[in-house]
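Only the coordinates and a few stated rules stand behind these numbers; no lab work does. Predicted model, so just to flag it, every value in this text is computed and none were measured. Positions of Cβ are backbone-derived with ideal geometry, glycine not excepted, and every protein chain shown enters the neighbour counts.
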Amino acid sequence: MSDTHEHATGDSMPELKQRVLELEGMLRACRLHLPNAPAEAVRELAASEERFALAVRGTNDGIWDWDIRTGQVFFSPPWKSMIGYADDEIENVFATFENLLHPEDHDRVMTMLNDYLAGRIPRYSVEFRFHHKDGSWRWILARGRALRDEHGAPYRMAGSHTDVTERKQVEEELQQARQAAESANNAKSTFLANMSHEIRTPMNGVIGMSELLLGTELNDTQREYLEMVKLSADSLLELLNDILDFSKIEAGRMELDVHEFDLNEIVTEIVQAMSLRVFQKRLVLLHHISPKVPARLIGDDGRLRQILVNLIGNAIKFTHKGGVTIEVDVASEAADLITLHFKINDTGIGIAADMQESIFEAFTQAETSTSRRYGGTGLGLAICHDLVALMQGRIWVESQPGTGSTFHFTAAFGRASGIPIKPKSPRIESIVATHASMKVLIAEDGHVNQLVGARMLEKRGHLITLASNGQEAIDLFKSAPFDAILMDVHMPGINGYAATARIRHLEQTTGGHVPIIAMTANAMKGDRERCLAAGMDDYISKPLRSAELFQVVEQFARNSAAQEPPQAAHALASPAPLPPADTAPFDLAEFRESTGDEKLMRKLVAIFSEDSQKYLRKAEKALAAGKATPLYEAAHSLKGMLGVYAAKKALTLSTELSDASHAGDLKTSQLILDQLKKECALLADALAASFSATT
Ligand code: ADP
C-alpha cells in the first residue's frame with residue numbers, strides 16, 4: 001500500500017467512527033419508531049454503510065456530503081489534504097467550499113450547482129481551480145448527486161473531488177506545443193512564399209536577357225549553350241511557382257479568384273499549347289467536352305487551368321506510345337452549382353497500386369528514379385489535390401503499370417447568368433499579327449527590367465521612352481502622347497499606383513485615356529484587382545515574357561489609333577475586318593512565338609509535307625472504308641500538328657473535320673477533307689517560301 005493511501009486511511013478513521021456512531025444512533029431511533037423493523041433490513045443498512053466507509057477509505061478522491069438544510073458539510077480528510085489542510089484546520093460548512101474557489105471560476109460553478117439542484121441539468125460535473133494552503137491553485141474535478149424528497153426538492157448532496165492538476169497541465173502543455181508547432185509551420189510557409197516570390201524578380205533578368213541574347217547573332221555552340229540557360233531558367237521559374245503555390249496553400253493564404261469563363265476556350269488553349277510536345281513525341285491528344293456542360297461557368301479559371309496543365313503535362317510526360325484523352329462531363333447538378341467530372345487518360349507507363357495514393361502528397365514520386373529520368377519535384381499533384389479541395393472536389397487515379405493511367409477530378413462551379421461579360425484578358429485570337437508600331441513609355445526603376453522590356457519591344461518595332469520613377473513618368477506623359485504606358489508599381493518616390501492616379505486626374509481636363517499596364521513581380525492574390533482598381537487597364541507579371549508582353553501591349557494598338565477607350569474598343573474588336581494574317585495559310589510571327597527557336601522551326605517546316613500527307617492519307621483511307629473512328633483520329637492528329645504551325649485556316653478545317661467525323665457525317669467529312677487537302681498544299685508552299693526567304 002502506498003504512503004498516501006496509508007495516510008488517507010489513517011486520517012479518515014476518527015471521522016468515520018464518528019459517522020458510524022451517528023448512524024447507529026439513527027438506526028436505534030428508527031427501531032424505536034418501528035419496533036417491528038425486521039432485523040434483516042437493519043443488517044443490510046449496516047452492511048451498506050460499511051461498504052461506503054470502505055470505499056471512502058480506499059480512494060484518494062476527496063468525499064463530501066452536504067446537508068443542504070443545515071449547511072453542514074462532511075469533508076473527508078483526503079478532500080482536505082488535497083489542498084494542504086489537516087482535518088481540524090477547516091470548518092465543515094458550505095462556505096468553506098465557496099471561499100476556496102478561484103474568483104474566475106466561482107460564478108460558473110455556482111450556476112452549475114444551482115442548475116443541477118433546480119433540475120435544469122441532469123448531472124453535476126465541473127472542473128475548477130481550488131485554492132491550496134500553499135497559495136497555489138489546484139485543478140479539481142467535482143462530481144455529485146443529490147437526494148430529493150417526494151416533491152423533488154433536494155435535501156442532501158454528496159460527491160467527490162479529484163485532483164486533475166497534472167492532467168490539466170499536460171493538456172495545457174500539449175495545447176501550447178501544438179500552437180508553437182502550428183506557428184512554426186506557418187512561419188516556414190510564409191518564409192517560403194516570400195522567398196520564392198523574391199527570387200522571381202532576379203529571374204526576370206535571367207530569362208529576359210537570355211531571350212534577348214537568343215535573338216542576336218550567335219554561332220551554333222553559343223546558341224546551344226544559351227538555350228540550355230534559358231531552359232534551366234524556365235524550369236527554375238516553374239519550380240519557384242510550384243513552391244510559391246504550395247507554401248501559400250500551406251499557410252492558408254491560397255484563395256480562389258472567381259469569375260466567369262468559357263471552359264471550352266480553356267481546354268482548347270491548353271491542348272494547343274501542348275500540341276508541340278505531343279507532336280514531337282508522336283502522340284495523339286484528344287479532348288471531348290460533353291454537350292451537357294454549360295458553355296460559361298463561374299470559378300477560378302486560372303487555377304483550373306493549372307490543374308489541367310499539370311495532369312495533361314504529366315500524362316504526356318509519362319507516355320511514350322499512344323496518346324492522351326481529356327473528357328469533361330457533368331457529375332451532379334444543384335440549384336446554381338454544377339459539379340464537373342474531368343478525366344485525363346493516358347496510355348503511358350502507369351503507376352503501381354501501392355503508390356496511387358501517396359503521389360498526391362508533396363515531394364512524392366512513384367519511383368525514386370523518376371526524378372532522374374523524367375524530372376519534376378513531386379509537388380504538382382499535391383498542389384492539384386489542394387486546389388481541387390478548394391473547388392469542393394476530389395482527385396483520384398486509376399492505373400495499371402504498363403497500360404496507362406486515368407486521373408479523375410471533380411470540381412464545383414457556379415452557373416453563369418448567360419450574359420457574356422468582357423473577357424478578363426485578351427485572347428490569343430485578338431492579337432493582330434501585323435502590328436502597328438506603338439509609342440510606349442516604360443516607367444521602371446530597375447535597370448535590368450527597363451532593358452528587358454525596352455529591348456523586347458524595340459525589336460518588335462515599337463518606339464520606347466524610359467522613365468525611372470513615377471514623377472518622370474508623369475512629366476513625360478505631359479510632354480508627349482503615348483499609345484501605352486508600362487508602369488512598374490513599386491518605384492521610389494511616386495509609385496505606380498500614385499502616378500496612375502495623377503495621370504488619370506490630368507486626363508480629366510485634357511481628355512483621352514492612355515492605356516496603363518501594371519508591371520509587378522507580385523504573384524499574390526488581389527494584385528490584379530488592386531491594379532485595375534487603381535485605374536490601370538491591364539496587368540503583366542514579371543519576369544516579362546516576350547509573347548505575353550506583346551499580347552498585353554499590342555491589344556491597345558488599334559484602340560489608341562481609333563482614339564477609343566479600351567472598353568468600347570473591345571466591343572468593336574470582334575466584327576472588325578479580318579487582319580491580313582487570317583487569309584494567309586499561316587502566321588509566321590505566331591509560329592515563331594510558339595516554337596521560340598529558329599532551328600526547331602526549320603526542322604518542323606522540313607517535315608511538314610511528309611507528316612501532313614501521312615494523316616491526310618489515313619483520313620482518305622478511313623473515308624473510303626466508311627470508318628468514322630480512324631477518320632476522327634486522323635483529323636485530330638492534323639489538328640494537333642497544324643496548331644504548331646499557327647495555320648489558322650487549315651486548323652479550322654481540321655476541327656470541322658473532326659466534328660463531322662465524330663458525328664459520323666461522312667458526306668460532309670469528304671467535302672471538308674477536299675478543302676483541307678488544298679489548304680495543306682498551299683500551306684506547304686507558304687512554309688517553304690518563307691523559310692527559303694529567311695534562311
Ligand atoms: P512531378 O511530375 O513534378 O514529379 P507530380 O506531383 O506531378 O510531380 O507527380 C508525382 C509522381 O506521380 C510523378 O513523379 C510520377 O511518378 C507519378 N505520375 C504522375 N502522373 C503520372 C502519369 N500520368 N503516369 C505515370 N506516373 C505519373
Between the Cα axis of helix 470-479 and the main Cα principal axis of the chain, the angle (0 to 90°, nearest 10) is 30
Multiply the residue separation of Leu213 and Ala681 by 0.36 nm, subtract the distance between their alpha-carbon atoms, and state the gained length in nm to one decimal. 165.0 nm
Semi-axis lengths (Å, descending) of the ellipsoid that matches the C-alpha gyration tensor of region 221-335: 29, 22, 12
Give me the angle, in degrees from 0 to 90, between the Cα long axis of helix 598-625 and the longest principal axis of the Cα atoms of the chain, rounded to the nearest 10. 90
If you place +1 on the Cβ of every Lys and Arg and -1 on the Cβ of every Asp and Glu, how big does the dipole about the Cα centre of region 586-695 come out, in debye to the nearest 20? 300
Nearest 10, in degrees from 0 to 90: the angle of helix 165-214 to the longest Cα principal axis of the chain is 10
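How fast does region 639-695 diffuse by Stokes-Einstein, in µm²/s, taking the Kirkwood radius from C-alpha pairs at 10 °C and 1.306 mPa s?
In µm²/s, the coefficient is 133.
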Say the dipole of region 227-355 comes from +1 at the beta carbon of Lys and Arg and -1 at that of Asp and Glu; which of Gly322, Pro294, Ala251 then lies farthest toward its positive end? Gly322
Region 257-390: radius of gyration and largest Cα-Cα distance (Dmax), Å: 15.5, 48
Diffing region 492-504: the Karplus 3J(HN,Hα) column from phi (6.51, -1.76, 1.60, θ = phi - 60°), in whole Hz with x for Gly and Pro, holds x, x, 7, 7, x, 5, 5, 4, 4, 4, 5, 5, 4
Using the per-residue mean of other Cβ atoms lying within 10 Å as a proxy for protection, in what order, highest first, do the peptides 158-171, 98-111 fall? 158-171, 98-111
What number, rounded to the nearest 500 deg cm²/dmol, is the helix-based mean residue ellipticity at 222 nm of the chain, given -39500 (n - 2.57) per DSSP H run of at least four residues and division by all its residues? -18000 deg cm²/dmol
Relative contact order for region 141-213, counting Cα pairs under 8 Å that sit 6 or more residues apart, in percent: 19
Between Asp115 and Glu171, how many nm apart are label points set 7 Å from Cα along the C-beta direction? 1.6
Mind scanning Lys321/Lys542; Lys542/Lys603; Lys627/Lys678; Lys292/Lys677 and naming the pairs with a C-alpha gap bigger than 29 Å? Lys321/Lys542; Lys542/Lys603; Lys292/Lys677
What percentage of all Cα-Cα pairs in region 154-224 are separated by more than 19 Å? 71
Need one number: nm distance between label points at Arg592 and Arg145, each 7 Å from Cα along Cα→Cβ, rounded to one decimal. 9.2
Given the C-alpha atoms of region 135-272, compute the convex hull and give its volume per residue in Å³. 285
Mean separation of Cα contacts under 8 Å (6+ apart) over length of the chain, as relative contact order %: 8
Charge dipole (the chain, unit charges on Cβ, about Cα centre) - positive-most of Ser210, Val605, Pro481: Val605
Checked region 67-136 against the a/c 1.5 cut and the a/b vs b/c comparison, axes a ≥ b ≥ c from its Cα gyration tensor; verdict oblate
If amide H atoms are modeled at 1.01 Å from N in the peptide plane, then the residues at a separation of 5 or more from Ile63, or on another chain, having amide H under 5 Å from its own are Ser76, Trp79, His161
Å³ per residue enclosed by the Cα convex hull of the chain: 295
Please label the shape of region 71-188 as rounded, prolate or oblate, based on the square roots a ≥ b ≥ c of the eigenvalues of the alpha-carbon gyration tensor (a/c under 1.5 means rounded; beyond that, a/b larger than b/c means prolate, else oblate). oblate
Put +1 on the Cβ of every Lys and Arg and -1 on every Asp and Glu Cβ in region 72-128; which of Leu113, Phe97, Ser76 then has its Cα farthest towards the positive end of the dipole? Leu113
What is the dipole size for region 69-115, taken about its Cα centre, with +1 at each Lys and Arg Cβ and -1 at each Asp and Glu Cβ, in debye to the nearest 20? 160
Expressed as a rounded percentage, what relative contact order does region 172-327 have, with Cα pairs under 8 Å and six or more residues apart? 24
PRE reach from Thr59 (point 7 Å along Cα→Cβ): which of region 102-125 fall under 19 Å by backbone N? 113, 123-125
Any idea what the dipole of the chain comes to, in debye rounded to 20, about its Cα centre with Lys/Arg Cβ at +1 and Asp/Glu Cβ at -1? 2220
